[in-house]
Amino acid sequence: MGLISFLKSKFKKKDEATEKYNQGLEKSRKNFSNKLQNLSNRYKTVNEEYFEELEQILIESDVGINLTLQIIDEVLERSKTEKITEPSKINEILVDRMFLGYASKGDVVNELSFTPGTPTVLLVVGVNGVGKTTTIAKLANRYVKQGKKVLLVAADTFRAGAIEQLTVWANRLNIGIVTGANEADPASVAYDGVYKATHENYDLVIVDTAGRLQTKQNLMAELAKIKRVISKEVPEGPQETFLVVDATTGQNGVIQAKAFAEVTNLTGVVITKMDGTSKGGIILAIRDEIGVPVRFIGLGEKMDDLTEFDLDKYLYGLCVEED
């Protein structure tokens, strides 16, 4: 059984989470799956032109040029070896390769882990405008609902309004927040937050950091300093560093991911605004470029629309047309 048939069988009865993926990926599915189907309908057997058009579909879906060329080469080679000429079977091989390419990078545990008596510290990085503050609020909301005591730390002290925005979210969620003055030392604010967390029995500390990429050396030094002061209170912390990327920025998002991966040890990526893009391949491109898993994706504007990334549901929502 090919992956497309497997996914159709697996999600024949859609639960709420699968339906959320379907709705959130509707624009991407129309751009990708519909184009695949239309391509198949125009060719009785595959040829060089077919693969050229297939390559274009992948590139236009933000899978990325390098990964696209690699996928096409592998699909073409397999089609020749196994003498496969039917477009529908080629599309099956294509989706299989997309799955294996992502999964081969390693197992993924989406949820944060917690150790009794020690707060889990999560650094959140990302350029301005990607939805970083809202993502922090959604993550906080997720773990508050799981019964965790959550503290926000406003260590992005240089962006106008960042402290105020995070404070508004903390008040809405009725959780603690640590702030500093505008242009205060971010590491000092981070330390104050983690100190509070360790002495007041918080389970989770989410630290907002600056999103400046113009000077990588400065950013690297700033993040390194933040990590050093956090480790004074939580020796193994920060345990997680998430990068927030806006799906609608396409290949710019991939470039951002590569840049942040160069300056800090990312443990996960959060993709926002997946429901607003028609180019859902960015998830595959980021995983291929930096090897870091996508841990959560945003499929809407509501607080509960930040959901765990599920590769099966993602490929089903992206590649499988409704019968």
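The values are calculated or read from the model by the stated rules, or taken from the named source; none is laboratory data. Everything quoted here is computed from the prediction, not taken from an experiment. When we count neighbours, we look across all protein chains shown, and the Cβ atoms used for this are built from the backbone with ideal geometry, even at glycine. Calculation scope for accessible area: heavy atoms of the full protein, side chains included, ligands and nucleic acids excluded. Shrake-Rupley method; radii C 1.70, N 1.55, O 1.52, S 1.80 Å.
Separation of region 128-145 and region 14-35, taken as the distance between their Cα centroids, equals 23 angstrom. Taken as entire DSSP H runs, the helices of the chain that both span 15 Å or more between Cα atoms along their own long axis and average 0.0 or more on the Kyte-Doolittle scale are 65-81, 87-103, 162-173, 251-263. Relative to one another, the C-alpha centroids of region 164-204 and region 99-115 are positioned 29 Å apart.
Run the numbers for Gln217 and Thr45: contour at 0.36 nm per residue of separation, minus the present Cα-Cα distance, in nm.
Result for the pair: 56.6 nm of gain on full extension.
In a fully extended conformation the segment linking Glu74 and Lys13 would gain 18.7 nm over its present Cα-Cα distance, using 0.36 nm per residue.
For Lys196, the lysines whose Cα comes closer than 18 Å to its Cα, not counting residues fewer than 8 places off in the same chain, are Lys148, Lys149, Lys227, Lys232.
Accessible surface for Met98 stands near 10 Å², nearest 10, in the context of the full protein assembly shown (1.4 Å probe). Counting only aspartates and glutamates at least 8 places from Lys145 when in the same chain, those with an alpha carbon closer than 16 Å to its own are Glu111, Asp203, Asp304, Asp305, Glu308.
Expressed to the nearest 5 percent, the antiparallel share of DSSP beta bridges inside the chain is 15 percent. Note on exposure: Asp203, Asp156 ranked by accessible area (1.4 Å probe, complete protein assembly) read Asp203, Asp156, with the most exposed listed first.
Packing around the peptides 38-44, 247-253, taken as the average count of other Cβ atoms within 10 Å per residue, puts them in this order, highest first: 247-253, 38-44. Over region 3-114, the fraction of Cα-Cα pairs per 10 Å bin, rounded to whole percents and listed from the shortest bin up, is 12, 40, 35, 12, 2, 0. Each other residue within a Cβ distance under 9 Å of Asn31 adds +1 if Lys or Arg and -1 if Asp or Glu, for a net charge of +4. Considering helices alone, the calculated mean residue ellipticity of the chain at 222 nm is -16500 deg cm²/dmol, with DSSP H runs of length four and up weighted by -39500 (n - 2.57) and normalised per residue.
Within region 64-216, DSSP assigns beta bridges of which about 5% are antiparallel (rounded to the nearest 5).
Rounded to the nearest 20, the size of the Cβ-charge dipole of region 210-276 about its Cα centre is 260 debye, with Lys and Arg at +1 and Asp and Glu at -1.
Here are some pairs, Lys8/Lys302; Lys105/Lys258; Lys30/Lys83; which of them have Cα atoms lying more than 22 Å apart in this structure? Pairs exceeding 22 Å: Lys8/Lys302; Lys30/Lys83.
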